Amino acid sequence: MSEGKKYNQRYRTIWEKDNRFKGWLQPVEGDKTQARCRVCGTTLKAHLRSIIGHNDGKKHKKNMTSSRYPPVMASGLSCRVFCRGITLTVTGPWNYVAGKRCDPIDSLGFMKVTEPATGQVMCEVPISGPTEVDRAVASAKNVFSTWSKLSGRERGQKLLEAGRIIRENLENISSLEVRDTGKPIWEARVDIASCADALEYYGGLAPAIVGQYVPLNGGSFAMVQREPLGVIGGIGAWNFPMQTCVWKAAPALACGNTFVYKPSQFTPITAVTLSEVLTQAGVPPGVFNVIQGEGEAGAKLCEHPDVAKLSFTGSVSTGTKVMAAGAKGIKSVTLELGGKSPIIIFEDADMKNAVKATLMANFLSQGQVCSNGTRVFVHRSIASEFIKQLVGATEKLKIGDPFAEDTTVGATIHEDHAKKVLSYIASARKEGATILCGGERVMQQGKLAGGWYLSPSVIGNCQDHMKVVKEEVFGSVASVLEFDSEEEVVKRANDTDFGLAGAVFTKDIQRGHRVANAIEAGMVWINTFNLYPTEIPFGGYKHSGIGRENGLTVVDYFTQTRTVYVEMGDVDCGPLYQD
Ligand code: NDP
């Protein structure tokens with residue numbers, strides 16, 4: 001064996017044994033001494049060279065020829081990141097079509113994307129024009145027949161692998177999410193881990209997405225085949241950028257569909273990261289595509305004749321447009337829209353848990369959460385003690401640098417939105433409510449000075465008719481409302497066009513269930529708030545949406561059934577036919 005071959009074999013053995021590198025090297029057929037990088041296709045030795053060149057040319061090139069250890073191991077994380085083909089910095093191109101990052105082939109200009117934490121422009125992203133949307137949809141359509149014909153197990157394995165890659169890069173991807181959204185790093189970690197959860201859940205489920213056999217009279221039978229729909233058009237909001245995307249893409253892909261996603265113009269980064277993760281996991285080029293742009297690109301995607309279904313997360317007003325576009329093409333539509341959810345705290349509730357849940361129901365992600373329990377109904381007999389404890393806990397929240405480990409409240413998504421939130425607080429004051437704490441811009445020093453940091457606000461003396469109580473604020477504003485009886489509070493809680501979520505706090509098990517069953521919402525918690533594990537469906541009643549995400553039920557939204565009736569006897573057409 002030549003020296004070169006010995007060299008390769010030695011490194012290959014080491015790399016194969018090292019769990020950190022599993023999944024991205026594959027053996028070269030017919031040459032046991034070689035391994036190939038699954039991302040760029042080059043052989044092990046050549047690939048090492050490119051990695052080394054990328055990281056620190058001279059130093060590692062020297063190591064490569066002299067070191068007794070694989071140089072990449074010495075050169076650390078950035079090399080592995082490079083090998084994996086996942087870009088973990090804020091770097092374009094920002095579209096992802098046919099398995100590659102790319103610029104749009106027609107661009108309608110640039111979006112200046114601001115980093116919420118600093119208020120400074122973080123990147124400029126080309127706006128995809130109609131031809132680019134066509135190209136992305138064509139790319140998804142072309143690969144549909146290949147992807148949909150894979151077995152569920154094969155598709156599932158790739159999604160499981162994607163989940164694993166996300167976990168392995170959790171910290172770096174979470175940092176990107178912080179830069180995109182301004183939310184505190186601890187929250188971003190939870191969000192990104194939940195993306196891995198969803199990929200693993202639907203990866204595991206994929207082989208079990210099957211049809212039915214239905215026995216009929218006289219030995220005849222029917223097969224109910226479960227089929228994917230085709231190309232799915234996904235559009236997302238800015239508050240949970242990667243999670244929103246994964247909640248749509250993971251089940252869609254598990255069911256055999258292909259996907260084109262348009263992120264919000266405010267948070268373009270992590271949908272492209274997800275694309276790279278999926279490619280790295282072995283999902284074929286074209287199965288998952290990203291086009292960046294504003295509402296126009298989203299509208300074009302919705303209208304596209306080759307898009308079979310629309311899955312949208314955003315406001316009610318845009319959701320209405322998406323549904324209208326779907327109606328034109330007779331496309332099925334899933335809508336995850338806004339909310340104004342009630343949290344009902346009875347006099348027997350565990351006070352500390354109720355306070356903790358109210359914080360979770362109002363101040364996560366700077367209050368920019370669709371399911372937030374912003375109408376806090378408290379039984380009059382405990383209201384003053386509850387308010388005292390809630391205000392105390394709210395004032396302890398630490399506002400500031402989202403990358404600091406002890407920060408609990410980060411930056412609002414952008415200036416216009418922050419001003420909108422402040423205008424709701426002003427309107428509450430004007431209508432006679434009392435601002436018990438917060439509701440102001442908190443100026444930061446240094447590089448954070450341009451960010452819009454708002455102090456979380458608790459508002460007392462609220463009435464049901466007030467603007468802040470009726471409309472979705474989408475900011476850190478909790479309106480406290482007092483009530484006297486169960487019957488009264490249920491009526492008031494349901495007096496809204498929204499129906500996304502709700503909660504009841506009580507130690508009385510019968511009352512807990514009774515009230516939970518009476519709340520007109522798609523998601524109701526008893527004695528907690530804002531938890532949505534992948535295993536359970538999430539979605540709204542009334543104007544909060546149509547369809548569900550997560551859980552087993554979502555399979556019905558991403559598949560259609562073909563029933564094949566098999567006649568085992570003669571055709572029985574009654575008196576229609578006479579011998
Ligand atoms: P928007 O409705 O403003 O935007 C949502 C997405 O739709 C964005 O990507 C937007 O593009 C795009 N869009 C805009 N116009 C059109 C159009 N005509 N056709 C197709 N797509 C279009 O919502 P926000 O981004 O402001 O998000 C906040 C809202 O989302 C809140 O109401 C919140 O409650 C809701 N939401 C609901 C969730 C749920 O699961 N129920 C979860 C998270 C948020 P662009 O903005 O880039 O122009």
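The values are calculated or read from the model by the stated rules, or taken from the named source; none is laboratory data. None of the values given here were measured: they were computed from a predicted structure. Glycine gets a Cβ as well: all are built from the backbone with ideal geometry, and neighbour counts include every protein chain shown. Just so you know, the surface numbers come from the protein's heavy atoms only, side chains and all, with ligands and any DNA or RNA stripped out. Shrake-Rupley method; radii C 1.70, N 1.55, O 1.52, S 1.80 Å.
Points worth noting:
- Filtering the stretch 113-159 to residues that are assigned to a loop (DSSP other than H, G, I, E, B), closer than 30 Å to M443 by Cα and more than 22 Å from the chain's Cα centre (by Cα) leaves T118, G119.
- The stretch 149-168, residues that are more than 10 Å from V277 (Cβ to Cβ) and among the hydrophobic types (A, V, I, L, M, F, W, C): L150, L159, L160
- Flag for L364 being open to solvent by 10 Å² or more (accessible area, probe 1.4 Å) and either more than 7 Å from the ligand (Cβ to nearest atom) or touching a Pro at 6+ places or on another chain (Cβ under 8 Å) (or both): yes
- Leading residue by the ranking (farthest from the ligand (Cβ to nearest atom)) among those in the stretch 300-333 that are of a type in the set (S, T, N, Q) and part of a strand (DSSP E or B): S332
- Of the candidates V272, V287, V307, V277, the single residue that is open to solvent by less than 10 Å² (accessible area, probe 1.4 Å) and out of contact with any strand residue (DSSP E or B) (no Cβ under 9 Å at 6 or more places or on another chain) is V277.
- Filter pass, E535 being farther than 25 Å from E385 by Cα, under 20 Å from the mean Cα position of the chain (by Cα), modelled with pLDDT of 95 or more and not aromatic (F, W, Y): yes
- Residues that are under 21 Å from W247 (Cα atoms) and either away from the ligand (no atom under 16 Å from the Cβ) or acidic (D, E) (or both) do occur in the stretch 334-345, at least one of them.
- Every residue from the stretch 97-112 that is under 20 Å from A299 (Cβ atoms), out of contact with any Gly (no Cβ under 7 Å at 6 or more places or on another chain) and not in a loop (DSSP other than H, G, I, E, B): V97, G109, F110, M111
- Residues of the stretch 396-417 classified as within 16 Å of the ligand (Cβ to nearest atom) and surrounded by fewer than 21 Cβ atoms within 10 Å (Cβ to Cβ), total: 4
- Residues that are surrounded by fewer than 24 Cβ atoms within 10 Å (Cβ to Cβ) and closer than 24 Å to F312 by Cα occur at least once in the stretch 498-515.
- Pairs, first touching a residue at least 60 places away in the same chain (Cβ under 8 Å) in the stretch 563-579, second among the aliphatic types (A, V, I, L, M) and not in a strand (DSSP E or B), C-beta under 8 Å, six or more apart: Y565/L216
- Meets criteria (more than 10 Å from the ligand (Cβ to nearest atom), farther than 17 Å from S174 by Cα, open to solvent by less than 10 Å² (accessible area, probe 1.4 Å) and touching a residue at least 40 places away in the same chain (Cβ under 8 Å)) for V231: yes
- Restricting attention to the stretch 524-547, the residues that are open to solvent by less than 20 Å² (accessible area, probe 1.4 Å), within 12 Å of the ligand (Cβ to nearest atom) and closer than 23 Å to E187 by Cα add up to 3.
- Residue check for Q463: over 24 Å from the mean Cα position of the chain (by Cα), over 19 Å from I344 (Cα atoms) and among the polar types (S, T, N, Q): no
- Selection over the stretch 250-275 of residues that are of a type in the set (S, T, N, Q) and within 15 Å of the ligand (Cβ to nearest atom) gives a count of 4.
- Single residue of the stretch 554-573 satisfying the filter (of a type in the set (V, I, T) and loosely packed, with under 15 Cβ neighbours inside 10 Å) that is nearest to G522 (Cα to Cα): T561
- Residues of the stretch 550-579 that are aromatic (F, W, Y) and over 21 Å from Y213 (Cα atoms): Y577 alone.
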